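Visitor: My questions all concern the structure below.
The values are calculated or read from the model by the stated rules, or taken from the named source; none is laboratory data. Because the structure is a prediction, the values reported are computed rather than measured. As a convention, Cβ positions derive from the backbone with ideal geometry for all residues, glycine included, and neighbour counts pool all protein chains shown.
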Amino acid sequence: MGNAIWLFLALPKWYFTTILDPFGAGMLTAVPAVGVLCLALGLVLAIFHRSPRLWLFELPFLASEGFVVFAGWQRGQIPSAGWLLLAFLGAQLALAVGLVAYAKRALMPAIAFALFSMSYALFASFVAGMSLADNWL
């Protein structure tokens, strides 16, 4: 249980601090840094579009958080979880595409939020993969 709570709280901190040094660890920090910029852009654009449908983009974020909680509970129990990580990323991509299509008139903020969601999902799957295998950098 402690690992699940720790990852739940640590993932957003690790993700959002990448904006301070976007190329500090190469792609490992560049992808989340771009995602943070997409989130900021999406929030600014959402203010002008005021579409309640954009609130649904919380779902991919919550799914990523839930996935790392699961990985924290299962720490070290699934050493070869590549199939699970790919299934998670595929589901996240399908959800992001579906939400962009559903947003209709707020297309630009929806695309920005979808890019944020996918970068967060990639980072979450990286962290979850380390936890599931209990093999940390």
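Visitor: Going by what's in this entry, would Leu39 be described as assigned to a helix (DSSP H, G or I) and within 18 Å of Phe16 (Cβ to Cβ)?
Guide: On the way: assigned to a helix (DSSP H, G or I): yes; within 18 Å of Phe16 (Cβ to Cβ): yes.
Yes: the conditions hold for Leu39.
Visitor: Select from the stretch 108-137 the residues that are at pLDDT below 95 and over 17 Å from Pro12 (Cα atoms) and list them in ascending order.
Guide: Within the stretch 108-137, Leu132, Ala133, Asp134, Asn135, Trp136, Leu137 meet the criteria.
Visitor: Here is a further query. I'd like the residue in the stretch 1-23 that is among the aliphatic types (A, V, I, L, M) and over 14 Å from the mean Cα position of the chain (by Cα) and, out of all such residues, is farthest from Gly129 (Cα to Cα).
Guide: Taking the stretch 1-23 as the starting set, the residues that turn out to be among the aliphatic types (A, V, I, L, M) are 1, 4-5, 7, 9-11, 19-20.
Remaining after also requiring over 14 Å from the mean Cα position of the chain (by Cα): 1, 4-5, 19-20.
Working: Met1: 17, Ala4: 13, Ile5: 16, Ile19: 22, Leu20: 24 Å.
Across the stretch 1-23, the extreme among qualifying residues is Leu20.
Visitor: Residues in the stretch 94-137 that are touching a residue at least 24 places away in the same chain (Cβ under 8 Å) and not in a helix (DSSP H, G or I): how many?
Guide: Qualifying residue count, the stretch 94-137: 2.
Visitor: For the stretch 68-83, state whether one or more residues are over 16 Å from Gly129 (Cβ atoms) and either in contact (Cβ under 8 Å) with a residue 40 or more places away in the chain or acidic (Asp, Glu) (or both).
Guide: Within the stretch 68-83, the subset over 16 Å from Gly129 (Cβ atoms) is none.
There is no residue in the stretch 68-83 that is over 16 Å from Gly129 (Cβ atoms) and either in contact (Cβ under 8 Å) with a residue 40 or more places away in the chain or acidic (Asp, Glu) (or both).
Visitor: With surrounded by fewer than 17 Cβ atoms within 10 Å (Cβ to Cβ), of a type in the set (A, V, I, L, M, F, W, C), at pLDDT 95 or above and assigned to a helix (DSSP H, G or I) as the only criterion, which of Leu9, Leu62, Leu28 stands out?
Guide: Values: Leu9 fails: at pLDDT 95 or above; Leu28 fails: at pLDDT 95 or above.
That would be Leu62, the only listed residue that is surrounded by fewer than 17 Cβ atoms within 10 Å (Cβ to Cβ), of a type in the set (A, V, I, L, M, F, W, C), at pLDDT 95 or above and assigned to a helix (DSSP H, G or I).
Visitor: Is there a residue being at negative phi, under 11 Å from the mean Cα position of the chain (by Cα), assigned to a helix (DSSP H, G or I) and surrounded by 19 or more Cβ atoms within 10 Å (Cβ to Cβ) anywhere in the stretch 68-84?
Guide: We begin by selecting, within the stretch 68-84, every residue at negative phi; these are 68-75, 77-84.
Applying the additional criterion that residues be under 11 Å from the mean Cα position of the chain (by Cα) yields 68.
If we keep only those that are assigned to a helix (DSSP H, G or I) as well, we get 68.
Still in the running and surrounded by 19 or more Cβ atoms within 10 Å (Cβ to Cβ): 68.
Yes: the stretch 68-84 contains one or more residues that are at negative phi, under 11 Å from the mean Cα position of the chain (by Cα), assigned to a helix (DSSP H, G or I) and surrounded by 19 or more Cβ atoms within 10 Å (Cβ to Cβ).
Visitor: Scan Ser131, Ser119, Ser125 and give me the residue that is out of contact with any Leu (no Cβ under 7 Å at 6 or more places or on another chain), surrounded by 19 or more Cβ atoms within 10 Å (Cβ to Cβ) and polar (S, T, N, Q). Please lay out each step first, then the result.
Guide: Values: Ser131 fails: out of contact with any Leu (no Cβ under 7 Å at 6 or more places or on another chain); Ser125 fails: out of contact with any Leu (no Cβ under 7 Å at 6 or more places or on another chain).
The match here is Ser119.
Visitor: For the subset of the stretch 25-67 comprising residues that are aromatic (Phe, Trp, Tyr) and closer than 18 Å to Leu86 by Cα, which member is farthest from the chain's Cα centre (by Cα)?
Guide: This residue is Phe67.
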